[in-house]
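S.K.: Dropping the structure in here first, questions after.
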């Protein structure tokens, strides 16, 4: 591979998909989902935004599902495209509803995550994923 080559190899795409999954899923899980997961299962009273009128507990539960469970699935490349849907929805909501009146700097992180998740959705989970391993196994049976 030449540094200034414009060619893209399949292995580069697969590695890029892995890198995006680990970074996008890992940072979301650790930086955002873990704290909410711990809050959800703590004995403390749940205080959380309720954008859909379903209650603070249910709203937090949906966010925990997206930011912790789905982010974990993305890291491992398991049901990747399905797991991305709640994450994309959450980031669209965060950027365009929760932070709609905020300056760009407050929306920026949600938009970066959104870009990562849309890129993974288009690229697919790649060769280094449980999705690929499962599909290969099904093909041999």
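The values are calculated or read from the model by the stated rules, or taken from the named source; none is laboratory data. For clarity, every value in this text was computed on a predicted model and none was experimentally measured. Every residue, glycine as well, gets a Cβ built from its backbone with ideal geometry; the counts of neighbours run over all protein chains shown.
S.K.: Can you find even one residue in the stretch 12-24 that is more than 15 Å from residue 67 (Cα to Cα) and assigned to a loop (DSSP other than H, G, I, E, B)? I'd like the intermediate steps shown before the answer.
M.R.: So the first thing to find is which residues in the stretch 12-24 are more than 15 Å from residue 67 (Cα to Cα), and the list is 12-20.
Narrowing the set further to residues that are assigned to a loop (DSSP other than H, G, I, E, B) leaves none.
No, that holds for no residue.
S.K.: Under 8 Å between Cβ atoms, at least 6 apart or on separate chains: pull out the pairs that start in the stretch 111-138 with a residue that is at negative phi and part of a helix (DSSP H, G or I) and end on any residue that is surrounded by fewer than 15 Cβ atoms within 10 Å (Cβ to Cβ) and modelled with pLDDT under 95.
M.R.: Qualifying pairs under 8 Å: 123/13.
S.K.: Looking only at residues that are over 15 Å from residue 63 (Cα atoms) and exposed (fewer than 13 other Cβ atoms within 10 Å of the Cβ) in the stretch 95-107, which one is modelled with the lowest pLDDT? Let's see the steps before the verdict.
M.R.: Kept after step one, since they are over 15 Å from residue 63 (Cα atoms), are these residues of the stretch 95-107: 96, 99-107.
Subset that is exposed (fewer than 13 other Cβ atoms within 10 Å of the Cβ): 100-105.
On the way: 100: 90, 101: 93, 102: 94, 103: 95, 104: 95, 105: 93.
Among those residues, the one meeting the criterion is 100.
S.K.: Sticking with this structure for a sec: State whether the residues of the stretch 58-77 include one that is in contact (Cβ under 8 Å) with a residue 24 or more places away in the chain, assigned to a loop (DSSP other than H, G, I, E, B) and crowded, with 16+ Cβ neighbours inside 10 Å.
M.R.: Within the stretch 58-77 (the criterion being in contact (Cβ under 8 Å) with a residue 24 or more places away in the chain, assigned to a loop (DSSP other than H, G, I, E, B) and crowded, with 16+ Cβ neighbours inside 10 Å), the answer is yes, since at least one residue qualifies.
S.K.: In the set 42, 115, which member is within 25 Å of residue 12 (Cβ to Cβ) and loosely packed, with under 14 Cβ neighbours inside 10 Å?
M.R.: Details: 42 fails: within 25 Å of residue 12 (Cβ to Cβ).
When all the criteria are applied, what remains is 115.
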